[in-house]
Amino acid sequence: MQEFLTKNDIYVDVVTHLQDKCLGGKVRGLHTLLSMERDALEGKYVVVPKQVRQRITDPTVSPKQVLTCDHLFPIQYVVNMHWVCIQEMAGYVCCTGKTSDSTDGKHYDLDVFPYVHFTSPIRRYIDLVVHRLLWAYLHQKPCPYKRHEIHSLCIDLSSKHKRAHEYRRNCILLKKALELQKYQQMIPCFVEDVSTSGITFCNPALNNVMRKDRTLEFNLLEMGHKPELMQGTSGQYINATWRKRLYDSKGMAFQYLKGSGKVDCLRLNSNKNAVLIPICTWAHMLKSAINDHNADFQRHLHAFQHRSPDFPGYDDVSTESIELKELKPCTKFSVEFRRGQVITIQMSAGPLRGIMVPKPVCLKLTDTISFCLLHTEDPVLHLSNYSNQAVSKSFRNATQYVNEWLPLILMESAANIVGCSNDNVSINNVNINFTSGTTGKFVLSIQHCEERNIELSGIQRDESDKDEALIKQSCDWLCLKVPLQRGTATTHDVNYNYWIGHGVITDIKQKGAQSDKLLVNFKLCARAGSFPSAIGNGNAKCSVEILKKSYVDW
């Protein structure tokens, strides 16, 4: 309990479910928060997702209906999850009703002792037992059970209840995994915990998912710097930094603040998908909503909406520059991860010891920056194939030698792709034409590539080659992210997710001897399957990440 109160601090007081509860010998709630000095609340905020904020400001919706739903708000939901985790699972116990039995016989959540519950005796055997005991008591008959029999029944039925609960949870989890396997979902999740190794996230839609399957490891995000664990006014947070080459197929650049070009590291807005309300203001808003004082609620809401916010960071970054001479080799940017923050994660499912379980496959930081977790977690599976054939001690001919060693070399080459290489390039808004179910092509500008030093493995051009059509073999891998529309956004969903596929470049052709266009042909890897029919007429704007092989692996 003390660890719970220390970790969650004053955020315990804004959780509706915990109002007026005695925690750690003290009654907690809004009255505790509102009695504190404002200086003690400085720098502490309640995170409100933008979709929820729209409901709060909607005059047709009662504020009480929204603000008292803890699962809609990140930090409240995270605190509530922590509260549930420290509770022992309810079980049946035999007690005499004496004060000495209050520790085991008290219903903690209702704060009632002694306590018993039952329903129709045709539903559970324990209900039949309770009916018999109550009937005997009301009719002043001898007790139909001895104390040790009741004690034995409680142990046995509690064990069966626990197994039934676990079975039900596993069934719900399997059903959710099968749904995610068929239709991946981009879900706005809440950061539950942070550490230097990764972040744990949660969401009401992932309520039954195990904690290890809700963990995002930082080593899958290919950071160029070690994540820093820092201390802030609202608790610990992680500062993560990357160096990436982020381009646009048309050379479109973002407008930054004046002087930002001299900044070594650009800071991303970690709360792009939410608004921050000072916790003191939120406490007044919540109190007004609970008491149905709509006029007071609107006054506090109006005062917050007209508050001038500080610069939170950039919504997006790019390596592109309006002035070509200011074009940098890469972009260094950072983002903070802290408890109660909203992050967008695409969920799918995969096998774990023969059972399908939900798993994250993509982290979407901004509209143009997203990290595929598939090829970083298992590059051989998604970029190549695992070889199941042993190499012979002797070879009959060169063909046999190549056939046996090439799969192993490709496995090693795929494994070498993963790392903190700055050679990998991401190009957004690339128009891809899908020529068949497993093949496709896209066009790049030679001038655009030369100005940005974008090279594809296998291409070597001399000055003497300029008047000749270029037809070269290439061997770089690709990670393709195609946005798929999914309809209207809801509270726990966004309006599109990515189709993620991996492929290998088969060849590159210059459209003509004097042309500035490179035609890049590729085919999908075996694990990617085929292009989804939802893409449409065979053309789609997508993000292409070129996973470059080293010169050794050409």
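Brief remarks follow.
- Tally of residues being outside any strand (DSSP E or B) and within 23 Å of the chain's Cα centre (by Cα) across the stretch 229-251: 1
- Of everything listed in (1) within 29 Å of the chain's Cα centre (by Cα); (2) touching a residue at least 12 places away in the same chain (Cβ under 8 Å), the single unmet condition for residue 24 is (1).
- Counting only residues that are open to solvent by 70 Å² or more (accessible area, probe 1.4 Å) and of a type in the set (A, V, I, L, M), the stretch 211-229 holds 1 of them.
- Scanning the stretch 509-532 for residues that are open to solvent by 40 Å² or more (accessible area, probe 1.4 Å) and assigned to a strand (DSSP E or B) yields 509, 517, 523.
Here's the yes/no breakdown for (1) in a helix (DSSP H, G or I); (2) open to solvent by 80 Å² or more (accessible area, probe 1.4 Å); (3) out of contact with any helix residue (DSSP H, G or I) (no Cβ under 7 Å at 6 or more places or on another chain):
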residue	(1), (2), (3)
152	yes, no, yes
160	yes, yes, yes
176	yes, no, yes
188	no, no, yes
196	no, no, yes
201	no, no, no
209	no, no, no
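- The condition of being closer than 21 Å to residue 293 by Cβ and of a type outside the set (A, V, I, L, M, F, W, C) does not hold for residue 2.
- Positions within the stretch 30-48 being open to solvent by less than 10 Å² (accessible area, probe 1.4 Å) and at pLDDT 90 or above, in sequence order: 46, 48
- Subset of the stretch 52-61 that is surrounded by fewer than 18 Cβ atoms within 10 Å (Cβ to Cβ) and touching a residue at least 60 places away in the same chain (Cβ under 8 Å) - its residue that is nearest to residue 201 (Cα to Cα): 53
- Answer residue from the stretch 70-89, given it is free of Cβ contacts under 8 Å to residues at least 12 places away in the same chain and of a type outside the set (Val, Ile, Thr) and is least open to solvent (accessible area, probe 1.4 Å) among those: 85
One line per residue, one yes/no per condition, for (1) within 23 Å of residue 18 (Cα to Cα); (2) not hydroxyl-bearing (Ser, Thr, Tyr):
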position	(1), (2)
284	yes, yes
287	yes, yes
295	no, yes
331	no, no
334	no, no
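- The residues listed here are 335, 380, 317, 361; of these, the one that is open to solvent by less than 20 Å² (accessible area, probe 1.4 Å) and in a helix (DSSP H, G or I) is 380.
The values are calculated or read from the model by the stated rules, or taken from the named source; none is laboratory data. Predicted, not measured: the structure shown is a model, and the values here were computed from it. Cβ sites come from the backbone with ideal geometry, for glycine too, and all protein chains shown count toward neighbours. These area figures cover heavy atoms from the full protein model, side chains too; ligands, DNA and RNA do not enter into them. Shrake-Rupley method; radii C 1.70, N 1.55, O 1.52, S 1.80 Å.
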